[in-house]
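Everything on this sheet refers to the single structure shown next.
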Amino acid sequence: MTPVDLPGPGLWTTSVGSLPKPDYISSGRSRRARGEIDKAELVELERRATREWIEFQDSIGTDVLVDGEQYRGDMVAFFAEALPGLELGGLVRSYGIRYYRKPIATGAVGRDDAVTVEWWQYAQSLTNKPVKGMLTGPYTICDWSFNEHYASRRDFVLDLAKVIRDEALELERAGCRFIQIDEPAASTRMDELDLVIEGMEVVTEPLGAHTITHICYGDFHRAYPKMLDIPVDQIDLEFANSDFSLLDDFAANPFTKYIGLGISDAHSHDVEPVEGLAHGIRRSLEYLLPERTFVDPDCGLKTRSVDEAKGKLSNIAKAVEIVRGEL
Amino acid sequence: MALQSTVVGSYPKPPEEGGSFALRKTLQAWQRGEVGEAELAGARRDLAREIIAEQEAAGIDLVTDGHVWWDDILTPFAGNMAGFEIGGLLRWFDNNVYYRRPVCVDEIEWRGPSSIEAWRFAQSVAGGPVKAVIPGPVTFARLSVDEHYGDHGRFVEAIASVLAQEAFELEAAGARFIQIDEPALLGAPEDLELAKRAIGQASGQLEAATTILCTYFGDAKRLGAELFELPVDSFGLDFVAGPDNRELIASLPAGLGLQAGVVDARNTRLETTDEVAATIDDLASGVGADNLTVSPSAGLEFLPRDKAKAKLERLAQAAARVQG
C-alpha cells in the first residue's frame with residue numbers, strides 16, 4: 001500500500017472527478033460543431049474552465065484536487081476516441097433524455113499517445129496541491145462498450161488493462177502522486193468481480209503512486225467485503241445516495257483501505273446543509289479512521305449546475321473543517 | 001398459427017446517424033417550459049408512428065409502441081398508482097442504463113390506466129395488432145422499496161391487483177396480446193409460487209387476450225420447468241444471455257407458446273441471417289413452428305437505431321426463410 005503524504009490529521013477533502021461545465025463550454029462546443037470556432041479556440045475555453053475550477057478548489061482549501069474534466073464528454077467515450085481498436089457508435093440512452101455514444105471494440109485495443117497527461121500537467125501547473133490523475137478502468141470500458149472483436153470479455157478487459165497501465169505509468173513519470181482508476185461498473189455483476197480484480201492488478205502492479213478506484217451504482221452489499229480485494233490503496237464510495245447503509249457492512253467487516261467517503265448526493269439539486277454533512281462524517285468515523293479518510297461528493301458532479309456543485313463542495317469543506325476540529 | 005416475429009418492447013428513440021432528434025429537442029424545450037403538453041404528446045406520437053412503421057417495414061408481425069412514452073417500465077405505472085413515490089436512479093439489471101426506483105410509502109391503489117392511451121394510439125397507426133407491455137408484479141416489487149407493507153408477499157399482491165386492472169383495461173380497449181415482463185423472476189425462484197398467484201390475478205381477468213410472460217438478461221434454469229406452471233399462454237426466454245434455456249424448453253407443455261429471443265439486443269455485432277435462421281430452425285424443431293414466436297433477446301433500446309433496425313430485418317428474413 002502507498003500511504004498518503006499529506007499534512008494534517010486526516011479527513012482530507014477531494015472530488016470524485018468531473019465538475020460541471022460552465023455555459024461557455026457548451027456554447028463553445030456547439031459553435032465548434034457548427035465550424036464557427038476552431039479546435040484551438042475550444043481548447044482555450046476548456047483551459048479557462050479548468051483554471052477556474054482549480055482556483056475554486058484552492059479557494060475552499062481542497063486537499064487533493066481534480067481537473068474537473070472540462071474537456072471530456074463521457075468517461076468511456078473520451079478514452080474510446082483516443083484508443084485504436086475502439087470507435088464511437090451511435091447514440092444510446094442511459095436515462096431520461098441523457099444519451100451517449102457507446103463505443104464499439106472493432107479491433108485489438110492499443111495506445112498510440114498519452115491520453116490524459118497533458119491535461120493533468122496543465123492542471124497541476126496551476127496549484128501547489130496535488131491533482132489526481134483520472135483514468136477509466138479496463139472493466140468499465142469493456143462493460144460500457146459493445147464488443148464486435150474479442151472472443152471473451154476477459155480478453156477485452158486484459159488488453160484494455162495494459163493500455164490503462166501504460167497511461168498510468170506515463171502520468172506517474174510526469175509527477176502524478178494520486179492516480180484514480182474508476183470502475184463504476186465493478187459492482188454490476190458479482191460473478192465478474194474477479195475479472196475487475198484481475199484487470200486492476202495489471203494496471204496498479206507497477207505503480208508507486210497512491211491508487212484509488214471509484215465504484216458506484218450497484219449491489220454494494222453483495223460486493224462487500226470482496227471488493228477489498230481490488231488492488232488499490234483507496235476505494236471511493238457513495239454514502240449519501242444510500243443513506244450510509246454501507247456502514248452496516250463495515251460493522252460486520254471492517255474497511256481495510258483508505259476510503260473516499262461520498263457524503264453529498266451527486267444527483268440531487270439540493271445543496272445539503274453543513275450540519276447534516278458533518279453528521280454524516282461523524283457517523284462514518286464510528287467505523288473509519290480519519291487518517292485513512294478522504295471526504296467528497298458521492299460521484300462526479302458534471303450533471304449539477306456550476307452553482308450547485310460549488311455549494312456542495314463548499315459545504316463539504318466546511319463540514320470537514322468542523323469535524324476535524326473535534327478530532 | 002405459423003412462425004411469428006415480434007419485439008420485446010423498447011426501441012431506440014434517436015434517429016439514424018445525421019437525422020434530427022425531434023423528441024429530445026421537444027423534451028428539452030418542454031423542460032424549459034417553452035412548449036406545452038400538447039406539443040410533447042405530438043412529438044411522442046410522431047416518433048411512435050415512425051417506429052411502428054419501421055418495425056413493420058422490417059417484416060415484424062407483432063409490433064409495440066417502442067416504449068416511446070416511457071423512460072423505464074416501472075415509473076409510468078408507479079407514478080400513476082396511489083402509494084408510490086419515485087426514488088433515485090439505479091442500474092437496470094447489468095446494463096449501463098438506469099431506472100428510477102419506486103418507493104412504496106402507503107396503501108397501493110389503482111387510480112386509472114397508465115398505458116392505455118399510448119397503446120390505443122399505437123394501435124390506431126399500426127397495420128396489425130400491437131402488443132401491450134406491462135411490468136410483472138414480482139419484478140415491480142423486487143425493483144422497488146417497500147416502506148409500507150413490510151411483507152414481500154402482501155407487497156407483490158397489492159401491486160398485482162393494480163396491474164391486473166391495467167391488463168383488464170387493456171383488453172377492454174382492444175389489446176389482443178399482453179406481455180408481462182418478469183426479468184427479476186429469473187433470480188428469484190423463491191417467488192415462483194407468489195408469481196403464480198400474482199400473475200393469475202392479471203390473466204384471470206382476461207377473456208381472450210394472449211398473455212406472454214417475458215424474461216430476459218439470463219436463463220430460467222433456477223426456475224426450471226415449474227416456470228411453465230405460471231398461468232399465461234406463452235413464455236418469453238432469452239437465448240442469447242441464457243443459452244441454457246435451450247434445455248429448459250424440452251419441458252414446455254404442449255399448447256403453450258415460446259417467444260424466443262434469438263438476436264442480441266445488447267451488442268452491435270450483426271448476426272448473419274444464416275446464423276439466426278439456424279437458431280430458429282433448431283428451436284422450431286423443438287417446440288414446433290406453430291408455437292414459436294421469435295424476437296430480439298430484450299428491448300432494442302440498448303442499441304443505436306441503425307443496428308436495431310438491421311437486427312430486426314435479419315430476424316424477419318431468417319424467420320421467413322425457416323417458415324419456407
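Rule-based calculations on the coordinates, nothing more; no lab input. Bear in mind that the values here come from a model prediction, so they are computed numbers and not experimental data. Cβ placement follows ideal geometry from the backbone for every residue including glycine, while neighbour counts extend to all protein chains displayed.
Panel order for A:Met190, A:Met75, A:Met134, by other beta carbons found within 10 Å of each beta carbon, from fewest to most: A:Met190, A:Met75, A:Met134. Summing charges over neighbours of B:Leu300, with a neighbour being any other residue whose Cβ is under 10 Å away from its Cβ, gives +4 when K and R count +1 and D and E count -1. The amide H of B:Phe235, built 1.01 Å from its N in the peptide plane, has B:Leu213, B:Gly257, B:Leu258, B:Gln259 as neighbours under 5 Å, considering only residues 5 or more places off or on other chains. Among beta bridges from DSSP that stay inside chain B, the antiparallel ones total about 20%. Give me the one-decimal nm value for the distance between modelled label points at A:Glu81 and B:Asp106, 7 Å along each residue's Cα-to-Cβ direction. Using points 7 Å along Cα→Cβ, the separation is 4.8 nm. Across the stretch B:4-323, the mean sequence separation of Cα contacts (distance under 8 Å, 6 or more residues apart), normalised by length, yields a relative contact order of 19 percent. If you model chain A as an ellipsoid using its alpha carbon gyration tensor, with each semi-axis the square root of five times an eigenvalue, the axes come out at 29, 25, 19 Å, biggest first. In this rough spin-label picture, where each label sits 7 Å from Cα along the Cβ direction, the A:Asp166-B:Asp282 distance is 3.8 nm.
Inter-part distance, the stretch A:109-125 to the stretch A:11-69, computed on C-alpha centroids, equals 16 Å.
Nearest 5 is fine: what % of DSSP beta bridges in the protein assembly as shown come out antiparallel, could you say? If you can, show how the numbers build up before the last one.
Working: 14 of 67 bridges.
Approximately 20 percent, going by the DSSP bridge assignments.
The spread of Cα positions in the stretch B:4-323, taken along each principal axis and listed from longest to shortest, comes to 49, 49, 36 Å. Partner lysines whose Cα lies under 23 Å from the Cα of B:Lys25, excluding those fewer than 8 positions away in the same chain, are identified as A:Lys21, A:Lys102, A:Lys302, B:Lys13, B:Lys307, B:Lys309. Calculated on C-alpha atoms, the gyration radius of the stretch A:30-115 divided by its Kirkwood radius gives an Rg/Rh of 1.04.
Peptide A:86-92 is shielded by partner chain Cβ atoms: per residue, an average of 6 of them sit within 10 Å of its Cβ.
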